[in-house]
1. So for segment A:307-320 (the condition being at pLDDT below 95 and assigned to a loop (DSSP other than H, G, I, E, B)), does at least one residue qualify?
2. Identify the single condition in (1) on the phi < 0 side of the Ramachandran plot; (2) at pLDDT below 85 that A:Gly467 does not satisfy, given that it satisfies every other one.
3. Of A:Asp128, A:Asp136, A:Asp74, which residue is surrounded by fewer than 20 Cβ atoms within 10 Å (Cβ to Cβ), at pLDDT below 90 and within 21 Å of A:Leu172 (Cα to Cα)?
4. Could you list, in sequence order, the residues of segment A:385-409 that are in contact with a Ser or Thr (Cβ under 9 Å, 6 or more places away or on another chain) and outside any helix (DSSP H, G or I)?
5. Quick one: A:Pro263 ticks every box in (1) within 11 Å of chain B (Cβ to nearest Cβ); (2) in a helix (DSSP H, G or I); (3) farther than 20 Å from B:Leu116 by Cα except a single one, so which number is it?
6. Contact list please: Cβ distance under 7 Å, first residue in segment A:407-419 and of a type in the set (Asp, Glu), second residue part of a loop (DSSP other than H, G, I, E, B), pairs at least six apart or on different chains.
7. Within segment A:227-235, is even one residue surrounded by fewer than 23 Cβ atoms within 10 Å (Cβ to Cβ), out of contact with any Leu (no Cβ under 6 Å at 6 or more places or on another chain) and either within 28 Å of A:Pro254 (Cβ to Cβ) or not assigned by TED's automatic domain parsing to the domain that holds A:Ala144 (or both)?
8. Among the residues of segment A:81-100, is any in the same structural domain as A:Glu35 (by TED's automatic domain parsing), at pLDDT 90 or above, β-branched (Val, Ile, Thr) and in a helix (DSSP H, G or I)?
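The values are calculated or read from the model by the stated rules, or taken from the named source; none is laboratory data. Please read all numbers here as calculations on a predicted model, not as lab measurements. When we count neighbours, we look across all protein chains shown, and the Cβ atoms used for this are built from the backbone with ideal geometry, even at glycine.
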Amino acid sequence: MSQRQVLQVFEQYQKSRMQFVQTVAELASRPQNIETLQNAGVMSLLRPLLLDVVPTIQQTAALALGRLASYNDDLAEAVVKGEILPQLVYSLAEQNRFYKKAAAFVLRAVAKHSPQLAQAVVDCGALDALVVSLEDFDPGVKEAAAWALDYIACHNGELSQAVVDAGAVPLLVLCIQEPELAVKRIAASALNDIAKHSPELAQTVVDAGAIAHLAQMILNPDAKLKRQVFSALSQISKHSVDLAEMVVEAEVFPAVLTSLKDPDEHVRKNATTLIREIAKHTPELSQMIVNAGGVAAVIDYLGDSRGNVRLSGIMMLGYVAAHSENLAMAVIVSKGVPQLAICLAEETEDHIRSATAWALGQIGRHSPEHARAVAMANVLPRLLAFYMDAQSSDDLQAKAKKALKSILQKCTYVPALEPLLHEAPSNILKHVICQFSKVLLHDSKARRLFVTSGGLKKVQEIKAEPGSLLQEYINSINNCFPEEIVRCRAVCVLLRRKPSYHVSCGTGTVKLLGKQF
Amino acid sequence: MARLEWLQRQIEGIKEEHVIENREHSAAVRLQSWFRGCQVRARLRLLHRKATIIQKVWRGFRARNQFRQMVKKAYFVMKMNFYNEMAIRIQRRWRGYYVRKYIHNYYALKRYLEGLTIKNEQVRKDLEEFAELQRREMERLAREREGQRKCLQAQRLHFLLSTEQCPGVFNSPYRDFPHEMELRLRSIKPLLAKNAPLRRDSGGSPACSLPPVPSKKPQGPFRDPAEVLQQRYRPLEPTLRVATSITALEEAREELRREEWRSRVIDDIFQPFSNAHKNRKYERTLHGTSSYEQVDYGTKYFREENKEKRQGEKLLFFSLGLSQNHPGARVHSPIHVVQLLGQREQSTVLTCVTRSRGS
């Protein structure tokens with residue numbers, strides 16, 4: 001055979017290899033084909049192609065492997081078991097940028113499924129190679145390496161610590177300053193996932209100078225970048241007061257408030273989460289946020305949004321109000337209570353309802369003025385309904401009960417207490433009667449209203465053990481009224497006459513009241 | 001007798017005298033004792049009086065002292081109460097002032113809350129404006145993109161422009177005024193095919209594709225325009241030789257070398273048989289280059305052996321020897337020998353037979 005014919009055989013083989021690998025890569029990009037590919041044994045066929053002579057075939061084989069591994073964790077485990085990872089890690093240091101991108105893609109596809117697979121990736125020595133490729137010139141390589149580090153670090157604290165020990169954090173902070181948007185996004189996301197696990201890791205991220213750059217990027221118009229930036233800042237600030245103060249010193253307020261009106265929903269949610277994480281630590285930080293007008297902005301945000309994204313806004317209001325009564329009054333003045341009442345009415349998810357109940361309890365527990373503001377928003381019957389409803393979760397019932405009790409201990413607003421008198425169970429009724437006994441001692445108009453609205457009758461109907469607190473309160477209420485009325489009411493109750501008799505009895509008692517008082 | 005009577009009269013007389021004496025004595029004693037009693041009583045009375053006077057004076061002195069003390073104490077208590085009252089008044093004023101000014105300053109709080117309301121309004125207004133600006137910006141961008149898209153569409157459909165003779169699709173004679181598309185068509189310049197922006201594929205063929213317009217075959221010796229276009233715009237199909245770069249061979253060699261280096265386990269290259277390597281010293285494998293002696297265990301034998309302890313072999317040899325000497329007996333095959341022996345010895349016999357076979 002002539003030389004050309006011999007060479008033609010080789011050319012044909014190379015062409016067919018190239019075609020195979022390209023078709024497999026394309027098929028692997030659609031999820032419905034992957035089962036068939038797996039059954040056909042594509043892993044064992046792709047493995048030798050990774051070591052192929054032609055670089056394009058290597059890259060396409062790596063790309064196909066990456067797509068397969070990212071589909072589900074069985075395939076990722078097969079990649080790990082097939083000892084492909086050391087090969088990839090080695091070539092990550094050596095090859096051209098396309099291969100580096102493809103190799104980093106495979107590493108990320110394997111590491112994203114579970115901590116064990118990520119640990120396997122780390123055990124192959126991938127971290128050093130990835131950190132070296134973070135310093136590469138090509139932004140695509142940087143993005144792929146940062147993405148792989150992100151997926152490794154997102155699982156748990158030990159893996160994040162391993163990533164940090166490999167020296168990734170300063171390079172990621174450098175990557176944030178790159179002009180390309182994709183690299184910025186991924187670097188911000190990687191810092192986010194590193195900082196979220198523990199305060200020490202967050203401190204490491206802060207020590208590398210990340211906060212200043214993240215704060216600069218708040219004004220960037222790209223929505224996905226802003227999501228990651230806000231998420232990263234909130235993960236940093238959630239751990240301790242010092243970190244939160246450092247985030248505040250980077251002058252993120254009031255720029256964060258403008259992001260609350262961003263068209264993208266997730267940007268708004270993450271901005272609210274950041275405000276919540278800062279507000280929850282100390283009263284001074286909450287005061288600073290209130291002075292910057294943050295409470296009004298968050299209340300508007302609650303009005304505009306629906307569903308699960310409201311949760312962080314509600315919790316932020318609760319945290320602010322919990323610190324001191326001045327801050328709670330600030331929340332009330334900013335018209336927070338009607339908005340929270342609307343949230344309580346509109347939302348159907350139990351965890352959002354329990355968060356709203358908790359926030360209302362924190363607002364109303366400080367003083368009678370606060371309790372009055374909360375009671376006037378017609379919130380107490382709804383809280384009672386949640387507490388009594390058997391279908392609410394335990395958490396919702398507990399929080400509704402606690403909120404109700406803490407508001408009732410300070411509430412002196414009689415029109416709100418009246419409906420509770422008729423509907424409440426005995427443990428709540430105790431507090432209601434206690435409040436009535438305090439109010440009725442001094443207010444004559446309230447006494448008149450109490451009798452005419454049938455409250456006194458209801459009080460007579462309550463059975464309490466003699467000597468208990470409830471009996472004492474009932475006695476003190478009965479002492480506020482003259483004997484005849486009390487007896488008349490008691491007789492009415494005992495006889496259980498028709499309503500018309502009650503009415504006449506009521507007017508009779510009013511006349512009596514008019515004479516007496 | 002008379003003397004006795006005289007004596008008796010004497011005795012009686014003496015008795016009377018004694019009685020009278022006694023009577024007088026006791027009377028005198030009585031009088032004296034009464035008088036003495038009076039004297040003593042008078043003396044005691046005097047003493048009592050004197051003692052009472054002394055006690056009276058002393059008690060008065062003591063009581064006056066005590067009274068003085070009581071007065072002093074009462075005065076002191078009165079003073080202290082007064083001071084306390086005044087101090088309470090001062091403290092009350094001070095506490096009220098301090099709490100109202102520093103702890104819970106109602107008016108400052110009120111002012112703060114009013115200021116906060118104003119600030120909130122301000123912030124809300126600013127955020128509304130910002131949102132409005134953003135919305136308008138996005139609308140403007142959307143409108144611009146829409147305008148560009150329509151412009152592009154008009155440029156592509158420039159041939160639908162109406163002429164003098166023939167009204168176009170968008171300029172129907174039944175309309176009052178031309179359609180906006182018509183006006184746009186009039187205003188734009190036609191697009192050259194090579195400058196047209198790439199149309200992005202919307203994932204498969206569009207839902208409603210029109211049937212192909214039947215083209216009139218042009219008159220004359222013209223080839224089919226499809227053929228011409230195909231020939232003119234035939235895509236380049238370079239051979240593999242053209243497609244591979246000029247340094248592909250060197251690169252491939254480099255690659256091979258690297259591959260070799262990567263996957264090689266032994267550092268020295270396997271050279272094919274040639275004269276230059278005739279005198280090469282043979283390198284033993286790691287397995288064979290142990291500094292320790294190569295033990296027979298594993299090659300010569302692999303089981304523990306204790307030949308002295310084994311009884312079965314001697315028995316076997318002994319029995320075989322006997323059977324040979326015995327005139328009536330035949331030399332059985334080993335299998336028969338084994339069967340003759342008991343169960344327990346069979347295993348030992350088997351082992352020694354196999355071992356003898358193996359060694």
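1. No, segment A:307-320 has no match at all.
2. Among (1) on the phi < 0 side of the Ramachandran plot; (2) at pLDDT below 85, A:Gly467 violates only (1).
3. None of the other options fit; the residue is A:Asp136.
4. Of everything in segment A:385-409, those that are in contact with a Ser or Thr (Cβ under 9 Å, 6 or more places away or on another chain) and outside any helix (DSSP H, G or I) turn out to be A:Ser392, A:Ser393.
5. (2)
6. Listed by first residue and then by second, the contacts come to A:Glu418/A:Ser453.
7. Step one: list which residues in segment A:227-235 are surrounded by fewer than 23 Cβ atoms within 10 Å (Cβ to Cβ), which gives none.
So far as segment A:227-235 goes, no, none of its residues is surrounded by fewer than 23 Cβ atoms within 10 Å (Cβ to Cβ), out of contact with any Leu (no Cβ under 6 Å at 6 or more places or on another chain) and either within 28 Å of A:Pro254 (Cβ to Cβ) or not assigned by TED's automatic domain parsing to the domain that holds A:Ala144 (or both).
8. no
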